[in-house]
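**Q** Sending over a structure as structure tokens; questions will come in a sec.
The values are calculated or read from the model by the stated rules, or taken from the named source; none is laboratory data. Every value quoted in this text rests on a predicted model; they were computed, and no experiment measured them. All Cβ positions, glycine included, derive from the backbone under ideal geometry; neighbour counts span all protein chains shown. For the accessible areas, the whole protein counts, side chains as well, though only heavy atoms, and no ligand, DNA or RNA atoms are used. Shrake-Rupley method; radii C 1.70, N 1.55, O 1.52, S 1.80 Å.
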Amino acid sequence: MTLDELIAYCAGKPGAEETYPWGDAELVCKVGGKAFAFIGLDSHTVGLKCGADAEAAAPWRERFPEDITVSGYVGRYGWNTIALKGSVPDDDLLELVDGSYEAVVARLPKRKRPA
């Protein structure tokens, strides 16, 4: 999956918005004001919520040890960083994006959830 395809997929989620809180090198896709994807535009990576905590997200890191790592700062909350040009198949990457988006939406107050 290319970086542009990933961005288009994330941006196409209901209620998704693109933000650049730390400059042009990282795109943060949010829903209801909460991040569901941290896209490294220079590094060609994406940070996604892959479980409730680091332990729950570990199976993905074990499955793709070269291409999925614990995300800095938020890894203990179940976030992993995935290399886009690695061995993670597109179907798995899309599953991770969907799961991250759904996990964030589920924690939003009803008034902030997309229709």
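**Q** So which of 103, 115 ends up being surrounded by 15 or more Cβ atoms within 10 Å (Cβ to Cβ) and not acidic (Asp, Glu)?
**A** Just one listed residue meets the conditions, 103.
**Q** Please enumerate the residues belonging to region 77-108 that are touching a residue at least 12 places away in the same chain (Cβ under 8 Å) and not in a helix (DSSP H, G or I).
**A** Correct list: 78, 79, 80, 81, 82, 83, 84, 85, 86, 87, 88, 108.
**Q** Please go through (1) on the phi < 0 side of the Ramachandran plot; (2) over 12 Å from the mean Cα position of the chain (by Cα); (3) open to solvent by 70 Å² or more (accessible area, probe 1.4 Å); (4) not hydrophobic (A, V, I, L, M, F, W, C) for residue 95 and return the number of the only condition it doesn't satisfy.
**A** The number of the failed condition is (2).
**Q** Continuing with this model, one more query. Can you give me the number of residues within region 17-39 that are open to solvent by 10 Å² or more (accessible area, probe 1.4 Å) and more than 12 Å from residue 105 (Cα to Cα)?
**A** 11
**Q** Then there is this: Pairs, please: C-beta under 6 Å, at least 6 apart or cross-chain, first residue among the charged types (D, E, K, R) and in region 26-44, second part of a strand (DSSP E or B) and open to solvent by less than 20 Å² (accessible area, probe 1.4 Å)?
**A** 26/40
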